[in-house]
């Protein structure tokens, strides 16, 4: 968050975004879609994990992706290979997706498909460990990724993202043997910031741990399904 | 940059910051200090490189560090071991250092030391591959770091940081053998965005390539020294 401008402006900005996020969430709820917001620093492996996830779960679940990048459709093109709708949003100079951008993406989803057919929308945010955590887009849950190469101190140094996360994926576990990486120290640091978070170490490259991620993902879709059943 | 607020506000914000950066640069020039702004995503190895740099060059050059972090003084404490002044700035929820924050740091430097004694101030920015590139702090040069684990596509996906950089350090080269990493492809992508940048691959862990970085660093201090000599 750019705190250079004044506090009142900042509060207005976040309030306007929150109202837009609430409208997006109401759309998702109406369509019976679970939406998850994937966030991390650049290069932590969001797209690689989505590739693995689409390869494994597309078919079992009906998935669409909203792909946020400052420029290019490089990531969107990687995911289109898996035969799912990928809505690319270029944020330009903006360092995060906001509710208004995602509303534009949902408008395209509604125009090109019947959104009621989908179970799950995965939002891949701009690679940034700070700002995306403050801008809800209408998601039901937040997934943060941190790669083993980034260091165990990051939850303490960038607390907002880790406080907000429902699930924290520790990625690139295959590289851990080549680093001075201590998963227990990382888990202790995470515990100081967010003791409730579901922590899943994994490697999209080797597949280690990805079943636990798929299990968590299915549980989130089921929770939504149950809520709908209760509401009906 | 948060583009959610309107364009006029954004221009005002950047103009106000630029004026503050110009004042900081005038202070640096008056004191005969070269200032470099180190920027990267989180965990690319800025602090590890600074440790290596202070261990090698402290003594040959009189160095101070301005250390930006959202919270904690973890990085500042790592660098204080090297016996140089480290001015820690906690940015709170802000995703980057700005000129005003650095002005506060310079005020502390001036209060506690004679700033004319210093050759070089190294600013370690908040770990963020987007926003710091848009907020000058009064530096004479920008150094971007990208670790080999982050992927060759990053210059295309986060162009502003790479356009602005005078020197681009490709870090964690020791991990390259364990990745599908292609330095030539990365260099080609960098060339599309900023063909003038000085590109230095290195590993702070093994020491490979760090001499080229020290060489570039010395050349920057010399350039400033020459400018002073011309001005005198």
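If you check B:50, B:106 for being modelled with pLDDT of 95 or more, farther than 29 Å from residue A:155 by Cβ and under 17 Å from the mean Cα position of the chain (by Cα), only one passes: B:106. Being at positive phi and part of a loop (DSSP other than H, G, I, E, B) narrows it down to one of A:207, A:127, so name that one. Answer to the check: A:207. Taking helices (runs of 4 or more DSSP H) as the structural unit, those lying wholly within region A:1-81 and holding at least 3 residues that are away from chain B (no Cβ under 14 Å) correspond to A:7-31, A:46-57. All conditions in (1) farther than 19 Å from residue A:137 by Cβ; (2) out of contact with any helix residue (DSSP H, G or I) (no Cβ under 6 Å at 6 or more places or on another chain); (3) touching a residue at least 40 places away in the same chain (Cβ under 8 Å) hold for residue A:55, with the sole exception of (3). Checking the stated criteria, residue B:141 turns out to be in contact with a helix residue (DSSP H, G or I) (Cβ under 7 Å, 6 or more places away or on another chain) and either at the interface with chain A (Cβ under 7 Å from one of its Cβ atoms) or at pLDDT 95 or above (or both).
Looking only at region B:82-122, which residues are within 13 Å of chain A (Cβ to nearest Cβ) and in a loop (DSSP other than H, G, I, E, B)? Correct list: B:91, B:92, B:93, B:94, B:95, B:96, B:97, B:98. Could you tell me whether residue A:200 is in contact with a strand residue (DSSP E or B) (Cβ under 7 Å, 6 or more places away or on another chain), farther than 17 Å from residue B:179 by Cβ, at pLDDT 95 or above and away from chain B (no Cβ under 14 Å)? Yes: the conditions hold for residue A:200. Among the residues here, residue B:195 does not qualify as out of contact with any strand residue (DSSP E or B) (no Cβ under 8 Å at 6 or more places or on another chain), over 20 Å from residue A:42 (Cα atoms) and either assigned to a helix (DSSP H, G or I) or within 12 Å of another protein chain (Cβ to nearest Cβ) (or both).
Going through (1) surrounded by fewer than 21 Cβ atoms within 10 Å (Cβ to Cβ); (2) away from chain A (no Cβ under 12 Å) one by one, residue B:169 falls short only on (1).
The values are calculated or read from the model by the stated rules, or taken from the named source; none is laboratory data. Bear in mind the structure is a predicted one, so any value in this text is a computation, not a measurement. In this analysis, Cβ positions are derived from the backbone assuming ideal geometry, glycine residues included, and neighbour counts consider all displayed protein chains.
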